[in-house]
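Only one structure is covered here, and it is reproduced in the block below.
Every number in this text was worked out from the coordinates using simple rules, so none of it is lab data. This is a predicted model, so every value here is computed, not measured. Methodologically, a virtual Cβ is constructed for each residue, glycine included, from the backbone with ideal geometry; neighbour enumeration extends over all protein chains shown.
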Amino acid sequence: MAISRRTKRYYRTLFLGLTALGFMVWFAVDQFDIPWGEMRELISLTVLAAVVVIVGAALFVAVWLGLRKLLQAQRQDH
């Protein structure tokens, strides 16, 4: 199975981005003497914040679509 050019580019970009992130974490720990425990805590809080934002956005969209469907059904009844 041949991989498309777009898929190759996507995976290459993903790999380079994750590698750059890893080097940035290593650089912060090594050059600025940030303890690994503190770095792990910062990363976990960042991931938690991203999850909260994603879940909040999903809930907002669900409520928005529900209200829209409800209002459309109400208009059709009149």
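Structural remarks
- Using alpha-carbon coordinates, inclination of helix 5-31 to the longest axis of the chain, degrees: 50 degrees
- Candidate values (i) 16.9; (ii) 13.7; (iii) 14.6, label of the one derived for Kirkwood radius over Cα pairs in Å: (i)
- Computed E for Arg9/Ile43 - FRET, C-beta separation, R0 25 angstrom, nearest 0.05: 0.40
- Mean residue ellipticity (222 nm) of the chain, computed from DSSP H runs ≥ 4 via -39,500 (n - 2.57), nearest 500: -32500 deg cm²/dmol
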